[in-house]
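One structure below.
The values are calculated or read from the model by the stated rules, or taken from the named source; none is laboratory data. Note that the coordinates shown come from a computational prediction; the quantities given were computed from them, not determined experimentally. Methodologically, a virtual Cβ is constructed for each residue, glycine included, from the backbone with ideal geometry; neighbour enumeration extends over all protein chains shown. These area figures cover heavy atoms from the full protein model, side chains too; ligands, DNA and RNA do not enter into them. Shrake-Rupley method; radii C 1.70, N 1.55, O 1.52, S 1.80 Å.
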Amino acid sequence: MATDYAEKERAFIASLDADTGADLGGWMRAIVGSGLENRNDIIDWLRHQGFTFAKASWLERIYHNGGRLIYAGDAAAAAAEPVPGGAASTAPANPQPRRKGLAAYTPARSPEQAVEAPVYAADARQPLRVPAALARDIETVLEAAKGLRPLAMLALGQMRKAVPEARLEAQAPYVMIAASAPFAALLPGAKELRIYADFGATENTRIKRADTANKLLPPFPEVLVLNDARRVDDVFLELIASARVWARA
């Protein structure tokens, strides 16, 4: 399995220049130039550059590994000078990649400016959108997430991927995820996000029995706690899909 990951990593890095117009070193310098250090913020920024979540996460891990590859060893990275996380750089924030849709990282638009609010799906180039009035309400609820707001946006987008017919509803302090009826609820917080649902008969260790948070009565019996973008993965999608199925039962 490790060998497979090493081969995939080599292939990913080898194709970077052709696919994006910048090699590994260029993207490491670009991350430095972005001024971001928080893992979730870096992943969110890379997704804005057109990377899928998986590849954005992979680049972020390499960045925080000093610019060295995770699985394939140091040899394949010899052409790229290691860039320690947080190191100063005079390189431009963007390495002039050729990928269409490149966008510099900017904070979320204010509700007053929003006609539609981007809630990013698995591919950041294909944002899900909601009406302006709902966008304002969701932005207000997500203010409680503070630095975890990009993670909250990612989670909401992936929940829509798991259940395409789902819609978002702002019911402070929650963002409700509903189909025919609400089946999950996201409670934003500065240190963690809590996703409540009935996930069904599962032995997944990520799922806990819901307890009170901020003196609130939990809207569903189980809770999934998020504080890292890496947990928004295939298992996450399966759990959300399971919650939708159990809501129908």
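The slack between A132 and S15, meaning 0.36 nm per residue of separation minus the straight C-alpha distance, is 38.2 nm. Once all protein chains are placed together, Y5 keeps about 90 Å² accessible to a 1.4 angstrom probe.
Remark: spin-label model distance N227-R206 equals 1.6 nm, labels positioned 7 Å along the Cα→Cβ axis.
With the simple model of a label 7 Å out from the Cα in the direction of the Cβ, A181 to E37 spans 4.8 nm. Placing T205, T140, T52, T20 in order of accessible area, with the largest value first and a 1.4 Å probe, yields T205, T140, T52, T20. In a fully extended conformation the segment linking A241 and E7 would gain 81.1 nm over its present Cα-Cα distance, using 0.36 nm per residue. Each Lys or Arg adds one and each Asp or Glu subtracts one; over the other residues with Cβ under 15 Å from the Cβ of N204, this totals -2. For K55, the lysines whose Cα comes closer than 22 Å to its Cα, not counting residues fewer than 8 places off in the same chain, are K8, K100, K161.
Only protein heavy atoms count here; under a 1.4 Å probe, V225 has an accessible surface of about 50 Å². Distance between the pseudo-spin-label points of L216 and H64 (7 Å out from Cα toward the beta carbon): 2.6 nm. At an R0 of 22 angstrom, the distance between the Cβ atoms of R248 and A172 translates into a FRET efficiency of 0.25. Evaluating kT/(6 pi eta Rh) at 37 °C and 0.692 mPa s, with the Kirkwood radius of segment 160-249 over Cα pairs in the Stokes-Einstein relation, gives 250 µm² s⁻¹.
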